Every structure is written in C-alpha cells, then in structure tokens.
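Read the structure below first, then the notes.
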Amino acid sequence: MNLAVIGSGGREHAICYKLKQSPKIKNLICIPGNAGTQKIAINIKEEISNFSAIYNIIKKHNIDLVIVGPEQPLVEGIVDYLEEKKIRVFGPDKFASQLEGSKAFMKNLCKKNNIPTANFGIFDNFDDASSFIEKNGSPIVVKADGLAAGKGVTVCSSKPEALKNTKQILDGKFKSSSKVVLEEFMKGEELSYFVIVDKNSYKFFGTAQDHKRVGENDTGPNTGGMGAYSPAVLFTSELEKKINHKIIEPTINAMKKLGHPYQGFLYAGLMIRDNEPYLIEYNIRMGDPECQVLMMGLETDLVKIIDYATQNKVANLKIEWSKKKLVTFVLCANGYPFTYIKDKEIKNLNNFKPGKGTQIFHAGTYKKKNKIYSNGGRVLNITSSAKNIDEAREKSLACLERLNWTYGFYRKDIGLKAVKNK
Ligand code: AMP
Ligand code: GLY
C-alpha cells in the first residue's frame, strides 16, 4: 500500500517509523515532514491547510490511505474534503472534530450525556463571565473555546487573574474563539487514555502520562508536552472499565446519534480523583509526545490497524503491546514555550547512534546541505524502552548527554513519578 502521513512533528515521525516496519508498505510520503521523516519517507512540502494541493499530491503519488496527524486540518474539515473525492482517510470528520475544536461543544455533550467532567459555564460576554467568577471563586480554569495551539487554557489561582484571562479571550486574543469556558478546578492525577475508533467499534490504544509544565516538578507555564511515559502507573483494569463505560462509550454513542459517527484516534485527557475518571478534554488525534512512546511499544502492524479501522473492522483486530516500559524526553530549543531560538545546527545527528532500545524522533528539524537544524520549540524526542522505567530513563538521559545540544534544554524528571510509585 502507498500511505501518506500529514504533519511535521515528533508524532508524525513516530507514526512513519511504525508504518515503515510493515511488510504491507510500498511507498510512504509525509506532508510536509521533518528531517527525521525524510530518512524513511518522501517529504513533500505543502501547507497542511491547503486541501486541494494535498489532494493533488495524493493523486500524483497513488496514495491508498491518508493518516492525519495534527488537529488543525481535522478541525478544518480535511476528512470531509478528501472523502468527497473518494480518498480513503483516517480521522474524524469536521463535525466530530468539534470534540477538540470547541470546548463548548465538548462540555455540552458531556452535560447532555452525563459524562463526568468539571462543572462549567460558557460565556460570550464579560459581565456574565465575571459574575460566574465572583460566585465560584478561585482556583478556576479559564479556557478559550477554540483551538489555541496549547495556549488557550490557564489555571488561575486568583479572581483578578481569572478576570484578566477571560477578558483577553473575549477581546479576541485567539482568532478561533469568541467564547470562554470557565471551569471548576479539579484536583487529582492526570492520565492520557487512547482508543482507536471506527463506525462500529473501538479498541484500547494505550495509556501515558504527559508532563505539560516546562519546569521540573511540574512548575512554570504549560507547553505542548515536555515528555511522557507509558503505561501510566495509576492505570488499572478497574479504571479502564470505568473510563470506557462512563466516558468513551457515551461519547461514541452520542456522536452516532448526532449523525457523525466518530472515526479515528480518540485521546481522552483525564483527571483521576479517588479512583474515578473525569474528562478534562478530548483530542481527536494521537498525543504528542505520547504517540512517540506508544509507537515504540506497539507490536501489531500499524498499516493493518489503520487499514482495518478505515473499513470499520477494528473489532477484528488483536492489538498487541510490548511488556516493556517506555519513556520519551523532549529536547526543546532555548526560550520555549515563549520565543525560542531557531536555525541552530544539531551537530553529528546524521551519524549519531542513540544506543540499543533508544529512538530519536525528530520534531522541529530540517535538513540543509546534509546538516540538520532546529526550527521548532520542541526539537527532538529521545524515546527509550526497557524492562523498567528507571532503565528507560537512564538510556534516554545518557543519549541526551552524548548529544549535548547546547542550544536546548529538557526536563530530567520525566517518568520519575512511575519510578517512585513502583
Ligand atoms: P486542556 O487543554 O483542556 O487539556 O488543559 C490543559 C491542562 O490544563 C490540562 O492538562 C490540565 O493540566 C489543566 N486543566 C484543564 N482543565 C482543568 C480543570 N478543570 N481542573 C484542573 N486542571 C485543568
Ligand atoms: N501532549 C498533549 C497533546 O498532544 O495535546
């Protein structure tokens, strides 16, 4: 089969790496890709929101199946566009993508279907929003309704901070959002839970714990994710049943009733409190960097999985996972998550040997005259597998030290929670 992957991050490199291991793969293209995907796929430079240009690339390369990595083209309706042109594509349609694309849509769906989530209010004017803040006090979570590249959520510890953030959103800070969602602050431990969904059925697709804050011990501003480990320590089969029964199944059923059955990866960001799951958010795609650890742990052929999913045969799949523990460290460019340095060479990466059980997935990189440079906030994902998290951590940390990229930084405490809880 000829496959195309859309996106250019560590997630897409990890997806390409896994697809490439399949005996079913003939040609693999990545649009636009990065210096990592370039080694294993044909990169084709194109804007991911330019659907007609993407369609032309797909036709030219005789692509049988398209996998969409990031949320933006999904929310903009790439699946509807390509399906109309009879292209097989894996991901939710524009309507179903509102599960991530509109927090108001997601919260209303939860309320209607009794899905456990934080209490909330949705507002399009400042007066009503400020009375809600006055009434509910702090801490309170202020969210832009639409996509905001990971910058739309602020956990506010005081009323003035909540009012300020609310005003900024209602004043148009994010083009995607004219509404603000205000939420009760939930205490607990976060868990990323993944399923693969087709129009008939769904299957477990792994768990992980992300590290969103930029600083060690979960301090500083939120990022896209500084690292992840898998499986998540707090995950049990008892919890799995509750998540499926109280959150995943009511969501899938609700989407069917709305006439837009969900198809794609579905990523539930959960808060676990007293062994009960609460939905924080949905993502309509794999997580980044969670995907990197899951792709290293996945033992079943990914081409087969996606092929089955797009034919609504997920129920017939047996998806197998390695017993090993997995961890990924995100190497970031100095300055991230604010303005960061770019175009800095990562020396010797071309011939670098990461070591047994370690993979380097590229995120923000490009190649020029046989040298590799950075061009993103998150640059590389140093991903390792081992019989326990401690060893996996050591492998990645040793690799990062040898790499010694002086323009970047990383959190050294990724996965430590799993070590302590062992
Ligand atoms: P989101 O983009 O909705 O996942 O929010 C980003 C992060 O903000 C989450 O991963 C949580 O750490 C935090 N967060 C969001 N909503 C809540 C909430 N209601 N209570 C506590 N923390 C939250
Ligand atoms: N790691 C968080 C996300 O992919 O949204």
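Qualifying trypsin sites (Lys or Arg not before Pro) in the stretch 263-331, where qualification requires a DSSP coil assignment and no more than 12 other C-beta atoms within 10 Å, comprise Lys318, Lys323. Placing pseudo-labels 7 Å out from each Cα toward the beta carbon at Glu401 and Ile341 gives an inter-label distance of 2.3 nm. Of the trypsin sites (Lys or Arg not before Pro) found in the stretch 1-83, those that fall in a DSSP loop while having at most 15 other beta-carbon atoms within 10 Å are Lys24, Lys26, Lys45. Distance from the Cα centroid of the stretch 219-298 to that of the stretch 157-181 is 26 Å (rounded to whole angstrom).
Only residues of the stretch 51-89 count here: report those whose backbone N is under 14 Å from the spot 7 Å along Cα→Cβ of Lys26, or say none. In the stretch 51-89, the label zone of Lys26 (backbone N under 14 Å from the point 7 Å along Cα→Cβ) covers 59-65. Using the Cβ-Cβ distance between Glu184 and Leu258 with R0 = 25 Å, the FRET efficiency computed as 1/(1 + (r/R0)^6) comes to roughly 0.45.
At full extension, Lys111 and Ser158 could sit 14.3 nm farther apart than now, given 0.36 nm per residue minus the alpha carbon distance. Per residue, the accessible area of the stretch 27-102 comes to 41 Å², computed with a 1.4 Å probe over protein heavy atoms only. Which FRET efficiency, nearest 0.05, do Asp274 and Glu46 yield, Cβ-Cβ r, R0 41 Å? Efficiency for this residue pair is about 0.30.
Computed from phi, the 3J(HN,Hα) profile of the stretch 269-275 under the Karplus parametrisation 6.51, -1.76, 1.60 (θ = phi - 60°) reads x, 10, 10, 9, 10, 6, 6 Hz, with x in place of Gly and Pro. Just to verify a number: FRET efficiency for Trp321 and Glu249, C-beta to C-beta distance, R0 = 22 Å, to 0.05? After rounding, the FRET efficiency stands at 0.55.
Where is the GNM fluctuation largest for the chain (alpha-carbon springs, 10 angstrom cutoff): Leu191, Leu239, Leu258? Maximum among the listed residues: Leu258.
Under a model in which nothing but the beta-carbon of Lys, Arg (+1) and Asp, Glu (-1) is charged, the chain shows a dipole of about 1260 debye around its Cα centre.
Excluding ligands, DNA and RNA, the accessible surface per residue across the stretch 270-381 is 43 Å² with a 1.4 Å probe. Between Tyr366, Val379, Pro354, the Cα set farthest toward the positive side of the dipole of the stretch 336-422 (charges on each charged residue's Cβ, about the Cα centre) is that of Tyr366.
The values are calculated or read from the model by the stated rules, or taken from the named source; none is laboratory data. Keep in mind that this is a model prediction, so the values were computed, not measured. Cβ: placed from backbone, ideal geometry, glycine included. Neighbour counts: every protein chain shown. Keep in mind that these areas ignore ligands, DNA and RNA; they rest on the heavy atoms of the full protein, side chains included. Shrake-Rupley method; radii C 1.70, N 1.55, O 1.52, S 1.80 Å.
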